[in-house]
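What follows is a short report on a single structure.
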Amino acid sequence: MIEIKKGMNESEIDDYVNYVLEHMSLEEKIAQMSGNGLFMKVIEDKGFGKRAYDAAGSKKFNIPPFKFTDGPRGVIIPGSTCFPVSMARAASWDIDLEQRVGDVIGKEVRAHGGNLFGGVCINLLRHPAWGRAQETYGEDPFLLSEFGVALTRGVQKHNVMATAKHFAANSIENARFKVNVKMDERTLREVYLPHFKRCIEEGCATIMSAYNKIRGKYCGHNNYLLRDILKGDWNFKGFVHSDWMYGVKDTVGGVAGGLDVEMPRAKYFKVKKIKNALEAGKITEAMIDDAAGRVMRTILNYVTKEDPQNYENELIGCKEHYKVALETAEKGMVLLKNENEILPLNKNKISKLVVFGKYAKVKNTGDHGSSNVAVKKVITPLMGIKRYLGDSIEVVYDDGKDQKSVKNTAKEADVAIIVVGLNYKDEGEYIKEFRTGGDRDTLSLHDKDIELINTVSAENKNSIVVLIGGSAITMEEWKDQIPSILMAWYSGVEGGNALAKILFGDINPGGKLPFTIPKDPKHLPYFDKNADEIEYGYYHGYTLFDKNGYEPAFPFGFGLSYVTFSYSDLQVDVKNDKVIGTVDVKNTGKIAGDEVVQLYIGFEQSQIDRPLKLLKGFKRIPLKQNETKNVKIEVSRKNLAWYNPESKSWEIEKITYTLYMGGSSKNDELLSIKFEL
Ligand code: BGC
């Protein structure tokens, strides 16, 4: 037997796995294809997610198990660093930062004894009512790709296997166990799968199949998705594990469909059931060898790599990691409105400030499902503001429940900050038994919150609304009477500190929306949280708004700053396999600020049905007061291709394209230039 040691190369690992497969019994191979139980551990631990759960592995052959823990808000095991939710991180448009988040997560997974992180959630936000919107990075496949890749890189640097999930088209929560998602081939390939493909190209070790069906087949049984596309077209070498509650429905469906591991325990992948299916000729031994081989090879590829460092316990939730959480919260908040330059607040001109709303005072870090990072202490908005101000200004808190008191407090204060929005009951993973999460029935705020906003703003013209949530919130009922609106998300352990720094101008907000906020929800695609079946169309988000000429309340990619930026001198260059856009971006304000420069490609002249434009590049750029930078963004030619279902291949049209660059997806604010391919 070959010795397992650090530094083994891939061909040595292949040889070893082949040797093992030759010497393993059928039972031992099948044992690679499921989790090692969960129930007893949850009872022992008095709760879920308190440790990494193991699966597969073989003591006899020196193959360690994989040890699963969840995310993406951080590692869910208690004590870990709780980051802002993925959607808040996407709003930073800072992929280097996301890689650093991944780096922290990777270290903490290892320090907890895990080696697999099930938290690269890259499902596309088709409709903002989706309950788990907060776990992903928005509505655009390119943005999802860039963030998924960044998190994967950061995590895997520490020899932790990353999991991209939920494969695929998982974007309705309440109906997740049953819904059949229909879509045509172009929609599948161009809209719902590209981000998974990018993560696989980046070397993402594992995939988690989704609960829902696509074209009539459960994703965990879906041989077209798992065998033809993932393992065939994309040449994926890792393994696929199922989602946890009802991800596998029967033995033959799962094994023949291309699912390698049933998690978290064997129900349908029990030795006896798989043997029966083999004997009945419904699956083959080659399928078992392939699954077991993938699992063992992937595990060995990670556990035999030299570690870049040691992973002591002290790393978990350490100061350095909290700093990254703070930076993430600061960079992700999105300033949506700032009339009369109410913000930033000048503390020398204020003597009394009032903070309204229950969410100003409670721990509200997001969903209470599988992404919940158990954390004892969180800096709430009120704590953050009080800490920031010390005794310099009188800070009053009012929970907003008593209208009379609200009126009086609002009247007497120089500034009113209203913290409203959502919590884990409104949105999140749907766990019926605990009455938590699910999809939203409405995109607007609760009536009580709207009433609070109305009452406060009638009494105090310096009212600022701070929104908490993981997705789009419509604001038409009240947005005109509020001068300043800040989207603060579920912003993690350091959220309140970040908020105070933004409100008082220590941090100039630079976040931008990773989705479109509609004026009227009717402008969004059809959504039914209880659907048995639904058709996903080619258009959603900004591509749908562009196509139909609808004006959103706030467009995709939009966000204000305490300064303004001007764009000029857009150029395009086509070189070999690249299209290169360059533009001068100037900070025309009085302080430093970050701008997220976005590049879109337009397909107006296409011979086929294509969006008006698609995001194909972006960069977050720091600019000092008055500074101009020439910003260059490259798009690889293959990113302009469309999927031709007839030829079953990606094709690049020979037409005139438009390259747009600017600070949001809003068409009349983008500079544009034509180029040919
Ligand atoms: C969720 C997954 C999660 C898994 C394990 C499932 O219910 O859908 O996202 O990774 O549980 O916690």
Output for Cβ contacts, cut-off 8 Å, separation at least six or different chains, first residue more than 18 Å from N423 (Cα to Cα) in the range 346-369, second in a helix (DSSP H, G or I) and open to solvent by 70 Å² or more (accessible area, probe 1.4 Å), reads K352/E412; V354/E412
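Given the residues Y224, Y268, which is the only one that is open to solvent by 10 Å² or more (accessible area, probe 1.4 Å) and not in a loop (DSSP other than H, G, I, E, B)? Spell out how you get there, then give the answer.
Numbers: Y268 fails: not in a loop (DSSP other than H, G, I, E, B).
Criteria check complete, one pass: Y224.
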Over the range 52-76, the set of residues open to solvent by less than 10 Å² (accessible area, probe 1.4 Å), under 30 Å from G495 (Cα atoms) and among the hydrophobic types (A, V, I, L, M, F, W, C) is F68, V75
Taking the range 50-94 and keeping only residues that are away from the ligand (no atom under 13 Å from the Cβ) and either at positive phi or among the β-branched types (V, I, T) (or both), one is left with A56, G57, N62, I63, G74, G79, T81, V85, W93
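Kindly check whether there is at least one residue in the range 261-272 that is β-branched (V, I, T) and within 16 Å of the ligand (Cβ to nearest atom).
The first filter runs over the range 261-272 and keeps only residues β-branched (V, I, T), leaving 261, 271.
Checking the rest, the ones that are also within 16 Å of the ligand (Cβ to nearest atom) come to 261.
Yes: one or more hits.
Does K29 qualify as being surrounded by fewer than 17 Cβ atoms within 10 Å (Cβ to Cβ) and either in contact with a Pro (Cβ under 9 Å, 6 or more places away or on another chain) or over 22 Å from K377 (Cβ atoms) (or both)?
Details: surrounded by fewer than 17 Cβ atoms within 10 Å (Cβ to Cβ): no; either in contact with a Pro (Cβ under 9 Å, 6 or more places away or on another chain) or over 22 Å from K377 (Cβ atoms) (or both): yes.
When the stated conditions are applied, K29 does not pass them.
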Note to self: For the range 295-303, check the following and say yes or no: at least one residue is open to solvent by 60 Å² or more (accessible area, probe 1.4 Å), charged (D, E, K, R), in the same structural domain as G114 (by TED's automatic domain parsing) and assigned to a helix (DSSP H, G or I).
What the structure shows: yes
Exercise. Inspect all residues belonging to the range 166-173 and state whether any of them is modelled with pLDDT of 95 or more and on the phi > 0 side of the Ramachandran plot.
Key: yes
G369 vs (1) open to solvent by 40 Å² or more (accessible area, probe 1.4 Å); (2) within 16 Å of the ligand (Cβ to nearest atom); (3) of a type in the set (G, A, S): all pass except (1)
Sole miss for G47 among (1) assigned to a loop (DSSP other than H, G, I, E, B); (2) within 16 Å of the ligand (Cβ to nearest atom); (3) more than 27 Å from G203 (Cβ to Cβ); (4) in contact (Cβ under 8 Å) with a residue 12 or more places away in the chain is condition (4)
Restricting attention to the range 108-127, the residues that are open to solvent by 10 Å² or more (accessible area, probe 1.4 Å) and either assigned to a helix (DSSP H, G or I) or more than 16 Å from G71 (Cα to Cα) (or both) number exactly 4
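For every residue, the table says whether it meets (1) of a type in the set (S, T, N, Q); (2) touching a Ser or Thr at 6+ places or on another chain (Cβ under 7 Å).
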position: Y53; (1), (2): no, no
position: F61; (1), (2): no, no
position: F66; (1), (2): no, no
position: A88; (1), (2): no, yes
position: R100; (1), (2): no, no
position: N115; (1), (2): yes, no
Counted residues in the range 601-660 being among the charged types (D, E, K, R) and not in a strand (DSSP E or B) come to 11
Counting only residues that are closer than 17 Å to N62 by Cα, in contact (Cβ under 8 Å) with a residue 24 or more places away in the chain and hydroxyl-bearing (S, T, Y), the range 1-37 contains a total of 1
With the first residue restricted to the range 144-169 and required to be closer than 15 Å to N115 by Cα, and the second required to be of a type in the set (K, R), Cβ contacts under 8 Å at 6 or more apart or on different chains are G154/R100; H158/K107; H158/R110; N159/R110; N159/K305; V160/R110
Residue check for E139: charged (D, E, K, R) and within 16 Å of the ligand (Cβ to nearest atom): no
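Any residue at all in the range 520-535 that's touching a strand residue (DSSP E or B) at 6+ places or on another chain (Cβ under 9 Å), within 19 Å of L143 (Cβ to Cβ), assigned by TED's automatic domain parsing to the domain that holds D439 and open to solvent by less than 10 Å² (accessible area, probe 1.4 Å)? Steps first, please.
Step one: list which residues in the range 520-535 are touching a strand residue (DSSP E or B) at 6+ places or on another chain (Cβ under 9 Å), which gives 520-521, 526-529, 531-535.
This time we only want the ones that are within 19 Å of L143 (Cβ to Cβ), so: none.
Looking for residues that are touching a strand residue (DSSP E or B) at 6+ places or on another chain (Cβ under 9 Å), within 19 Å of L143 (Cβ to Cβ), assigned by TED's automatic domain parsing to the domain that holds D439 and open to solvent by less than 10 Å² (accessible area, probe 1.4 Å), one finds none in the range 520-535, hence no.
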**Message:** Just to be sure before I move on: is T409 of a type in the set (S, T, N, Q) and more than 30 Å from F117 (Cα to Cα) in the structure I sent?
**Reply:** yes
If you check A162 against the conditions, is it within 15 Å of the ligand (Cβ to nearest atom) and either more than 26 Å from K67 (Cα to Cα) or surrounded by 21 or more Cβ atoms within 10 Å (Cβ to Cβ) (or both)?
yes
Of the residues in the range 454-467, those that are surrounded by fewer than 24 Cβ atoms within 10 Å (Cβ to Cβ) and under 25 Å from the mean Cα position of the chain (by Cα) number 1
From the option list K624, K613, K629, K654, single residue qualifying as in contact (Cβ under 8 Å) with a residue 12 or more places away in the chain and under 29 Å from the mean Cα position of the chain (by Cα) is K613
Looking across the range 372-397 at residues that are free of Cβ contacts under 8 Å to residues at least 12 places away in the same chain and over 30 Å from D447 (Cβ atoms), the single one that is farthest from the ligand (Cβ to nearest atom) is D391
Checked the range 128-155 for anything under 16 Å from G74 (Cα atoms), in contact with a strand residue (DSSP E or B) (Cβ under 7 Å, 6 or more places away or on another chain) and open to solvent by 10 Å² or more (accessible area, probe 1.4 Å); matches are none
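Look at F177 and say whether it is touching a strand residue (DSSP E or B) at 6+ places or on another chain (Cβ under 6 Å) and in a loop (DSSP other than H, G, I, E, B). Break it down stepwise before answering.
Details: touching a strand residue (DSSP E or B) at 6+ places or on another chain (Cβ under 6 Å): no; in a loop (DSSP other than H, G, I, E, B): yes.
Spelling it out, it is not the case that F177 is touching a strand residue (DSSP E or B) at 6+ places or on another chain (Cβ under 6 Å) and in a loop (DSSP other than H, G, I, E, B).
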Of (1) out of contact with any Lys or Arg (no Cβ under 7 Å at 6 or more places or on another chain); (2) farther than 16 Å from E341 by Cβ, L486 satisfies every one except (2)
Any residue at all in the range 336-349 that is touching a strand residue (DSSP E or B) at 6+ places or on another chain (Cβ under 8 Å), open to solvent by 30 Å² or more (accessible area, probe 1.4 Å) and away from the ligand (no atom under 16 Å from the Cβ)?
yes
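Taking the range 128-151, which residues are outside any loop (DSSP other than H, G, I, E, B), within 26 Å of S636 (Cα to Cα) and under 12 Å from the mean Cα position of the chain (by Cα)?
Within the range 128-151, P141, L143, L144, S145, E146, F147, G148, V149, A150, L151 qualify.
Scanning the range 333-363 for residues that are part of a loop (DSSP other than H, G, I, E, B) and small (G, A, S), which turns out farthest from V378 (Cα to Cα)?
Of all residues in the range 333-363, those part of a loop (DSSP other than H, G, I, E, B) come to 333, 342-346, 350-351, 357, 361-363.
This time we only want the ones that are small (G, A, S), so: 351, 357.
Details: S351: 27, G357: 17 Å.
Restricting to residues being part of a loop (DSSP other than H, G, I, E, B) and small (G, A, S), the top hit is S351.
The values are calculated or read from the model by the stated rules, or taken from the named source; none is laboratory data. For clarity, every value in this text was computed on a predicted model and none was experimentally measured. Cβ: placed from backbone, ideal geometry, glycine included. Neighbour counts: every protein chain shown. To get the accessible areas, we keep the full protein, side chains included, count just its heavy atoms, and leave off ligands, DNA and RNA. Shrake-Rupley method; radii C 1.70, N 1.55, O 1.52, S 1.80 Å.
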